[in-house]
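Below is one structure, written out as C-alpha cells; the observations come after it.
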Amino acid sequence: MSVGTYCLTTSDNARVYAGNTGTKPALWIYCTSPTGATAATCEVTATGLSLVLTGGASAGTDTLAFATYTTLTTLIAAINALVKPAGTYTWKAGAVYYGASPSSYLPMTGAISCLGSANQIQVQTNTTYETDLMADRATDIIERWAGRKFKTRTYDRRVYDGNGRRQFILDQFPVTRLGRVSLGRTNAFSIQNTTALNFATVEVNTTQVRLNADGAVTDITISDSATIADLITAINAETGWTATAATSAASARAAYYTSLDGTTKVPEILPMAAHSCLSPTLAYVEMPDADLEGHYLDTTAADEDRNPGMIYYPGGFTEGRQNLIVDFNAGYSTIPAALEQLCLELVKLKYDQSKADRNVQSEKLGDYSYSISDFRQIRDDILAEAGAFKAYSF
C-alpha cells in the first residue's frame, strides 16, 4: 500500500522531498508467558512479522505476511487471534500509531525478546503514511484548482449536452483512446409497481437496478443478465414489479458491454435518479439511441501532449440536454514534472506545518487538509509552470 492510484507523485518522492525520515511506535506486543515457555521473540522481516515461542506445549513459530495483513489494524487483529495447541491466547498486541498505516512500513529488526507482560516491546514504523496521505490530498486540491484530472484513467458513459456543431471538446485530456460515441436517448423499458401502498421508485446506478417499494429495497445486478430481455425477466420475477420492453429491438440489445479498461462491465441502460413508478404511473429506463459511425478523435488542434480531446463528426452533434454519451481514456501515463513539483511543494508545506505545531499528533492525520489559499505560499515560477496544465476555457 502506498499513495493512491491517481496521485501526482510517488510515496518515496513525497517522503524524501518533505524530509520525512523518522519513525514512531506502531504497536505494542508481548507473549503471555504460557506454562513451560522459556523464550519469546518478535522479528520484523522484509515480508512479515515472525513470532517465535520456545518451550512448553504452545511452542512454535507464527509468520504473519504483510501481503495478507496489509494494515496495522489487520496485523494486530491477526496477532491477537493466534491460538496455540494449548488452547490459550499466547500473544497480545495493540495499536500505537494510525491503524490504516500499511504494515509493510514496519522497518526490519532482529529478533527482540518479549516474553511476559513485563517485557512488552514497541515495534516501530516509519512515518511514510503521513506524507502518503498529504500527497493524495495535495493531488485532490491540485485537480480542483486545475479543473481536470491528470493521471490516465477510463471514463465510461460520460454524458454531455450536444452543441449542434461538428466538433466537440471533452472535459478531460489528453484523450488517448476513443470508444463508443452515442447520440440521443431512447426508452429501453417501462416499469411499475402494483403492490406498494405509499410509494415505489426505480433507480439505475453504474451496476444495478434498484427497486424500492415502501422502503423495501431490491437490487438487481445488471451484469447478471445477458440481454435487456433477461434483465426485464429478472425484474418481473420480483413480487409486485412489472417491466415491459419498449420495442423488440430494445429487448434484444445486450444488457452490458466491456469497458475500455478491458474488465469493467458497463450497463447498456443509462444511470438515472429514483423515478416514481407506483401504479398507474410508469417510469421509463433509457439507453443510448444510436452509436455514431464516421466520428474520430481530432488531434491536429494541438501537439500530442496537449491534445485537447476534440472529437469530430461530419453530421454534427445534435444540440440537446445530456444527449451525447462518450466512452474514452484520458490522462498522462507519466505525470509532467511541473505537476509533480507542485504536489511535492504542497506536501512539504503541510509536513513542515505539522512539525512546527507540536499539538499535531499522528492520531490527527485526518486534520491534514488543503485549501486554495495554500497556493499563495508556493513560488510563483512553480505555480506558473503547473498553471499551463489547467483546463481550457471556452
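I'd like the residue in the stretch 29-49 that is among the small types (G, A, S) and in a loop (DSSP other than H, G, I, E, B) and, out of all such residues, is nearest to T71 (Cα to Cα).
Top of the filtered list is A46.
Just to be sure, is V202 assigned to a strand (DSSP E or B), of a type outside the set (K, R) and closer than 25 Å to G294 by Cα?
Judged against the criteria, V202 is not a match.
Return the total of residues in the stretch 374-394 being touching a residue at least 24 places away in the same chain (Cβ under 8 Å) and either part of a loop (DSSP other than H, G, I, E, B) or open to solvent by 70 Å² or more (accessible area, probe 1.4 Å) (or both).
Residues in the stretch 374-394 being touching a residue at least 24 places away in the same chain (Cβ under 8 Å) and either part of a loop (DSSP other than H, G, I, E, B) or open to solvent by 70 Å² or more (accessible area, probe 1.4 Å) (or both): 10 in total.
Report, ordered by the first and then the second residue, all pairs with beta carbons closer than 6 Å, sequence separation of six or more or different chains, a first member in the stretch 69-92 that is free of Cβ contacts under 8 Å to residues at least 60 places away in the same chain and farther than 20 Å from Q124 by Cβ, and a second member that is open to solvent by 60 Å² or more (accessible area, probe 1.4 Å) and outside any loop (DSSP other than H, G, I, E, B).
Going by the 6 Å Cβ cut-off, there are no qualifying pairs.
Let me confirm something: among T54, T61, T71, which residue is under 33 Å from the mean Cα position of the chain (by Cα) and either at pLDDT below 95 or of a type in the set (S, T, N, Q) (or both)?
T71
Find the residue count for the stretch 264-278, including only residues that are within 17 Å of I222 (Cα to Cα) and open to solvent by less than 40 Å² (accessible area, probe 1.4 Å).
Of the residues in that region, 6 qualify.
What pairs can you find where one residue is in the stretch 280-293 and aromatic (F, W, Y), the other is at pLDDT 95 or above, and their Cβ atoms are less than 6 Å apart, with a gap of 6+ or different chains?
Going by the 6 Å Cβ cut-off, the qualifying pairs are Y284/N187; Y284/S190.
Condition first: more than 30 Å from D136 (Cα to Cα), aromatic (F, W, Y) and open to solvent by 50 Å² or more (accessible area, probe 1.4 Å). Can you find one or more residues in the stretch 86-96 that meet it?
yes
Going by what's in this entry, would G22 be described as closer than 30 Å to T334 by Cα, out of contact with any Gly (no Cβ under 6 Å at 6 or more places or on another chain) and modelled with pLDDT under 95?
Answer is yes for this residue.
Looking at the structure I just gave you, is A188 surrounded by 15 or more Cβ atoms within 10 Å (Cβ to Cβ), at pLDDT 95 or above and not in a strand (DSSP E or B)?
no
What are the pairs, 6+ residues apart or on separate chains, where a residue within the stretch 111-128 that is without any contact (Cβ under 8 Å) to a residue 12 or more places away in the chain has its Cβ under 8 Å from a residue that is surrounded by 14 or more Cβ atoms within 10 Å (Cβ to Cβ) and assigned to a helix (DSSP H, G or I)?
From the stretch 111-128, no pairs qualify.
Somewhere in the stretch 9-27, is a residue open to solvent by 40 Å² or more (accessible area, probe 1.4 Å), farther than 26 Å from L344 by Cα, touching a residue at least 12 places away in the same chain (Cβ under 8 Å) and not in a strand (DSSP E or B)?
no
Contact list please: Cβ distance under 6 Å, first residue in the stretch 217-244 and closer than 28 Å to T263 by Cβ, second residue of a type in the set (S, T, Y) and in a loop (DSSP other than H, G, I, E, B), pairs at least six apart or on different chains.
L231/S225; A234/S225
Every residue in the stretch 146-160 that is surrounded by fewer than 19 Cβ atoms within 10 Å (Cβ to Cβ) and touching a helix residue (DSSP H, G or I) at 6+ places or on another chain (Cβ under 9 Å), please.
Within the stretch 146-160, A146, K149, K151 qualify.
The values are calculated or read from the model by the stated rules, or taken from the named source; none is laboratory data. Computed from a predicted model, the values in this text were never measured in an experiment. Virtual Cβ from ideal backbone geometry, glycine too; neighbours counted across all protein chains shown. All accessible areas refer to the heavy atoms of the entire protein, side chains included, with ligands and DNA or RNA removed. Shrake-Rupley method; radii C 1.70, N 1.55, O 1.52, S 1.80 Å.
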